[in-house]
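Notes to accompany the following structure.
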Ligand code: TEU
Ligand code: CA
């Protein structure tokens, strides 16, 4: 069984309005002031470009491309912070909000525009905050509401927007709603959840991701019924078919938006609607969550309702954790549907696993041809409508350099830089995971006792119960487990990487001695400084945001090459994904072409026949027009 969870036209900017800043309204959204100010600064800084008629200040009049509807969230670079592992302020070994507050200037120094914060709500932490016991309070380990307010203001003062995780497919079994519901069928909260009365016999099979028996129904004695939990038993699914529940959620969303947050990342949103008759599922869907759980009968009706009643009133930016095909995902983000803004797909990060097993990567690695096909497909899906995202790491993934690059001492830095070049030169809004800017790599635990993640521990228990090969499992997890991406952030070379003065909740990667902020800030060649340069490059020209993507040399198994083109600007990006010298032919004379960025001291060898020879993991961006 495969147990991976599959899981407007631009207002053309007239030269007149650019010259008169008072009249400059780059966006039609009313709350775009801060961002506009930032853009104004940029425009001043690029005044020369203005005069020469190049750069993003020129009107977005159409040449060969569809009209562009500019939005801040399309042009932004998001930086994802996993609060538990970012910075501990009080020595209890757990990252917290005061820790984030102490590092606001670091986030600012990266040049990013927005932050996605993993859940910070009250939670017993069976799934590290994805099991919420009180949506309007802060997790006690993380601090108090006042800390949140200070943090939010701190980000906003620095021109950085903040989106929060919205986890509403399920809550925690310790939420007051569930505690009341499980006492009696007469409870007013009983129908906030999904129940199968025991007098109707055994419930129809539903699989669970984080259950030792993979069973999504759990018997509750007091009510003589089973409750549904797609994830752990401590994460009962909320009953979205109940309008009262929906209103509770909308009220809670307004609470956060009224505080001034800028939007939501919508966790497992594709699963919220269920067919209350719970028809039998086809066995062939087992493991394919997109097939059997995503896209329930009223899913999009509810999202439209949420948009009408909440989101559009605040101009909130939203990103859906969306599963399934291009058509499934498009439904969330096609602007005519008025649902959500951005979506991220799983097809890219699911490449390279062995079929019918829990996150075992193919020992032969992944094929770049497949990788190129998948990312090209999703780019073209959003080329004319909707809006996608681009990411290689997050809290559900291992470290990108280990999974997609090469974490050996020889190649960790160059391959990290190469992957950063990819993320920040592609279409879709980049969601860049904290620590990847340092080139943090997988910790590769040898012992099951070092792990914390409920998903991994559940799957380990299953392998063990079946008498499977636990050593093989542990080896596999060194590459793919979620905890690899959750180890504490590496600030400096002091004990525990400067993350905590206490015992960290999850071990710190021993490579913190050299892979850390302090060392990398000083080293002009560091992964960190490359990241910052790449951020600047992306932000210097809207071709990286709105430009047309064209894959070049599609059949090349080592090199990923493409162009991004908008009006009079055209960039060429070449990325060697392998640990050997490789060449690509781009089909035009490269002499005199300007290199914008490159991850080696001496750039790639180019010639007048269009041949570019790249060193291992070499990456370069050229401006060809
Ligand atoms: O993930 C939703 C989801 O479908 C996960 O099963 C995900 O695909 C899996 O972790 C990949 O290994 C969200 C959150 O991102 C995740 O951290 C939570 O554990 C999950 O929801 C349950 O809330
Ligand atoms: Ca702490």
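The values are calculated or read from the model by the stated rules, or taken from the named source; none is laboratory data. Source: prediction; values computed, not measured. Glycine gets a Cβ as well: all are built from the backbone with ideal geometry, and neighbour counts include every protein chain shown.
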When you go through 322, 317, 343 one by one, which is the residue that is at pLDDT below 95 and in contact with a helix residue (DSSP H, G or I) (Cβ under 7 Å, 6 or more places away or on another chain)?
322
Could you tell me which residue of segment 83-107 is nearest to residue 440 (Cα to Cα), considering only residues that are within 16 Å of ligand 2 (Cβ to nearest atom) and in contact with a strand residue (DSSP E or B) (Cβ under 8 Å, 6 or more places away or on another chain)?
83
Which residue is surrounded by the fewest Cβ atoms within 10 Å (Cβ to Cβ), if the candidates are limited to segment 444-454 and must be away from ligand 1 (no atom under 16 Å from the Cβ) and either at pLDDT below 95 or in a helix (DSSP H, G or I) (or both)?
449
Tally up the residues in segment 474-509 that are under 28 Å from residue 350 (Cα atoms), away from ligand 1 (no atom under 16 Å from the Cβ) and not in a loop (DSSP other than H, G, I, E, B), please.
2
Could you check residue 581 against (1) out of contact with any helix residue (DSSP H, G or I) (no Cβ under 6 Å at 6 or more places or on another chain); (2) crowded, with 20+ Cβ neighbours inside 10 Å and say which number it fails?
(2)
If the requirement is being within 26 Å of the chain's Cα centre (by Cα), surrounded by fewer than 20 Cβ atoms within 10 Å (Cβ to Cβ) and within 16 Å of ligand 1 (Cβ to nearest atom), which of these qualifies: 457, 551?
457
Residue match in segment 521-529 (condition: surrounded by 22 or more Cβ atoms within 10 Å (Cβ to Cβ) and part of a strand (DSSP E or B)):
no
List the number of the failed condition for residue 113; all other conditions in (1) within 16 Å of ligand 1 (Cβ to nearest atom); (2) within 23 Å of the chain's Cα centre (by Cα) hold.
(1)
Taking the criterion of being at pLDDT below 95 and touching a helix residue (DSSP H, G or I) at 6+ places or on another chain (Cβ under 6 Å), would at least one residue in segment 65-75 satisfy it?
yes
